[in-house]
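Each remark here refers to the structure printed beneath this line.
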Amino acid sequence: MTGEVKILGQNSQTIKILPFISLSKSAIWFGLFSSPASSPAADALGSIAIDATHLTMSVTDPTAWATAMNNLGMVPVGLAGQQLVSDSLCVPGFDPGLSMMTGISPINPMMASMGLIPPPPLPVVKEIIHCKSCTLFPPNPNLPPPSTRERPPGCKTVFVGGLPENATEEIIQELFEQCGDITAIRKSKKNFCHIRFAEEFMVDKAIYLSGYRMRLGSSTDKKDSGRLHVDFAQARDDFYEWECKQRMLAREERHRRKLEVDQLRPPSPPAIMHYSEHEATILAEKLKDDNKFSDAISVLLTWIERGEVNRRSANQFYSMVQSANSHVRRLMNEKGSHEEQMELAKENFKTALLGILTQFEQIVAVFNASSRQKAWDHFSKAQRKNIDIWRKHCEELRNAHSEQLMGIRREEEMEMSDDDSTDIPNKKVRIDDSALAAQAYALKEENDSLRWQLDAYRNEVELLKQEKGHHGRTEESLTKDQQLQFLQQAMQNMQQQLVAMQEELNNKKSELEKAKEEQTHSQALINILKEQVSVQKNGLTETNGTASVAVFNHDKEKDAEKQRQSFKSEKEALLIGIISTFLNVHPFGANIEYLWSYLQQLDSRISANEIETLLIKLPRMFKQEFTGVGATLEKRWKFCAFEGIKTT
């Protein structure tokens, strides 16, 4: 386990290297023993056996091996870089692939004193480093480690101070080449220099040499020795390369994020062509096709939103809008077919659920029959237990399915009850109102279509007028004049039709209002008759008693009726006075809802029908008028008692 190596220098000599290994306390040291006289002792020490009972860690521990190899000035196994010393000084018999010394038997990790917890890190012990032209002696281990400045970003340059005065650039390069590739050395006359390495990790190896005492050869001259101080240096080239690398990493990160965003972004909608007459004719054909309607309608919407509609293209856009409107009936038919399919699916589901429920009932009946004493006594205990469990499980499923079926039936009954809950008289009135409203809506739609056609004709007339102004009166202009006359006649006819339709629409609206008024009057008369009937019923007396008692009761009832009439007349007089005052300060009148909201603040039990019947009873004091046109038509009551006084 020993080896020889010759160190070239002023005094060439052969030294013995003994791999002295002590694995106790998880530490490894490699000793260098020089001079030929020490070779027998080295050979004697090389035969020392390793006691396995003192091992407290695995030999393959990377931390311990890295510490030991750093002590030797070698790069640890698995790390990049160049070793501090030459290969001739490496420990013989070391196999880096096995990470242990050859010749040592493998250690069982389950043996005694082998801890699983890694040991604490030990301080690095620096050793003597021999080079071809110089020797480096380690500093005193009791002294504190040399101080260094804060490491600049991307640092590849080191400051080396304390160099010997006779140190040349070749000696410096020979020493620091063992840390890595050197790109530049800038030496000063004042015993310091700057060294720039190729990579950043090489700077850490150079910092390791800080504190060493350097001696050139074997000379003891003061100019041939010096204490090295290695520290980080701030160089513009290093900072520029670091910034370039950071910018490159930032660009790569932005590119990666952009790719992620592009992957998550939804696809953009297809481009829509610009409007032209040719594209409009193609789009009109697509609008008529059911399969291409969804794409064509989006194009039409985009054109309209862009503002492509003008006087020249209004007719073409109107025809396309009309084509789009024609699909409403198709969509309603599709909706109806889907609703029918849904109803059919509900019926199928209900019938299937009913069949499943009947089968569950049959299975439960089988379990109940098996539970009777006639058959139950013949089953074993385990069979009875299984039958009981199956019966309970089947009953739970049967109950759940029956509740689901009953819920479906309750929903159908509720829908039918909602349809049949309305009264018959109100239904008739609603049917009449709905019929009149439907007629009015149809007339309104026809009126709108005629108005649009009239606008289209006006656009055409204006276009023809513009063309007529640009060209002279030729035969074509004469034909255009005739066309203008025809169009004017058509416009007049359309206007007449429009006026007639408006008159008819107003008549229908007035009929609708009259029907509503008749309905309200009839309801008011019905309420009055109900009150009279109730009064008459209360006025009847019993005639089966004695004559004196009958006379007494008759007189008593007369007094009560007089009191009721007086009370009722006082209440009506009070209401008449309040209503007269209210309508007098409202010269344009007020509707019945406004009156009722005002009187309800005074008496919350009063109703709108009661107020309206009271106003109808006094036509000389209150009159009813209609104000507004069309949708703003409103029925208002006015105070007219002073008008009769003025006329007289």
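The values are calculated or read from the model by the stated rules, or taken from the named source; none is laboratory data. Please read these numbers as outputs of a predicted model, since none were measured by experiment. Virtual Cβ from ideal backbone geometry, glycine too; neighbours counted across all protein chains shown. Areas reflect the complete protein model, heavy atoms only, side chains present, ligands, DNA and RNA absent. Shrake-Rupley method; radii C 1.70, N 1.55, O 1.52, S 1.80 Å.
Express the accessible area of the range 316-366 per residue in Å², computed with a 1.4 Å probe while the remaining protein chains stay in the model. Before the final figure, lay out each step's value.
Numbers: 3680 Å² over 51 residues.
Each residue of the range 316-366 exposes 72 Å² on average to a 1.4 Å probe.
If you count only protein heavy atoms with a 1.4 Å probe, what accessible area per residue comes out for the range 500-541, rounded to a whole Å²? Mind showing how you got there, number by number?
On the way: 3120 Å² over 42 residues.
I get 74 Å² per residue for this part.
Given R₀ = 25 Å, what would the calculated FRET efficiency be for R257 paired with F201, taking r from the Cβ atoms and rounding to 0.05? Present the calculation step by step, with values, prior to reporting the outcome.
Working: r = 30 Å, r/R0 = 1.19.
E between R257 and F201, to the nearest 0.05, is 0.25.
Which distance in nm do the two modelled labels at Q601 and N142 give, with both placed 7 Å along the Cα-to-Cβ direction?
10.6 nm
In a shell of Cβ-Cβ distance under 13 Å around I408, excluding I408 itself, what net charge do Lys and Arg (+1) and Asp and Glu (-1) give?
Details: positive: K346, K350, R409, R410; negative: E343, E347, E403, E411, E412, E413, E415.
The answer is -3.
On a full-extension model of 0.36 nm per residue, what is the gain between D231 and E403, subtracting their alpha-carbon distance, rounded to one decimal in nm?
On the way: separation 172, 0.36 × 172 = 61.92 nm, distance 8.63 nm.
Contour length minus the Cα-Cα distance gives 53.3 nm.
What does the extension gain come out to for Q341 and L301, with contour length at 0.36 nm per residue minus their alpha carbon separation?
On the way: separation 40, 0.36 × 40 = 14.40 nm, distance 3.22 nm.
The Q341-L301 span can extend by a further 11.2 nm.
In what sequence, highest mean first, do 198-211, 379-392, 498-511 appear when ranked by Cβ atoms within 10 angstrom? Kindly include the intermediate steps, with their values, before the conclusion.
Values: 198-211: 18.4, 379-392: 12.0, 498-511: 13.8.
Final packing ranking: 198-211, 498-511, 379-392.
Hey, if we sort T351, T168 by accessible area with the 1.4 Å probe, largest down, what's the order? Intermediate values should be presented prior to the final figure.
On the way: T351 85, T168 60 Å².
Ranking T351, T168 by accessible area, largest first, yields T351, T168.
Report the net charge of residues surrounding I578, where surrounding means a beta-carbon distance below 14 angstrom and charges are Lys +1, Arg +1, Asp -1, Glu -1.
-3
Students often check this: by mean Cβ neighbours within 10 Å, which of 339-345, 617-623 ranks highest, and how do the rest follow?
Packing order, densest peptide first, comes out as 617-623, 339-345.
Could you work out how much longer the chain between N191 and K465 gets when fully extended? Use 0.36 nm per residue separation minus the Cα distance between them, nm to one decimal.
Details: separation 274, 0.36 × 274 = 98.64 nm, distance 10.31 nm.
Extra length from N191 to K465 when fully extended: 88.3 nm.
Computed FRET efficiency, Cβ-Cβ of F239 and Y441, R0 56 Å: what is it to the nearest 0.05?
Details: r = 81 Å, r/R0 = 1.45.
Efficiency for this residue pair is about 0.10.
Between the range 138-163 and the range 299-367, how many Å separate their Cα centres?
82 Å
With a 10 Å radius around each residue's Cβ, average the other Cβ atoms per peptide and rank 246-254, 633-641, highest first.
Working: 246-254: 10.2, 633-641: 16.8.
The densest-packed peptide leads the list: 633-641, 246-254.
Beyond a 29 Å Cα-Cα separation, which of these cross-linked pairs lie in this structure: K530/K571; K335/K444; K514/K617; K132/K205; K516/K537?
Result: K516/K537 exceed 29 Å.
Could you please state how large a percent of the accessible area of the range 301-364 is carbon and sulfur, counting protein chains only and using a 1.4 Å probe? It would help to have the intermediate numbers written out before the result.
On the way: 2620 of 4630 Å².
Carbon with sulfur: 57 percent of the solvent-accessible area.
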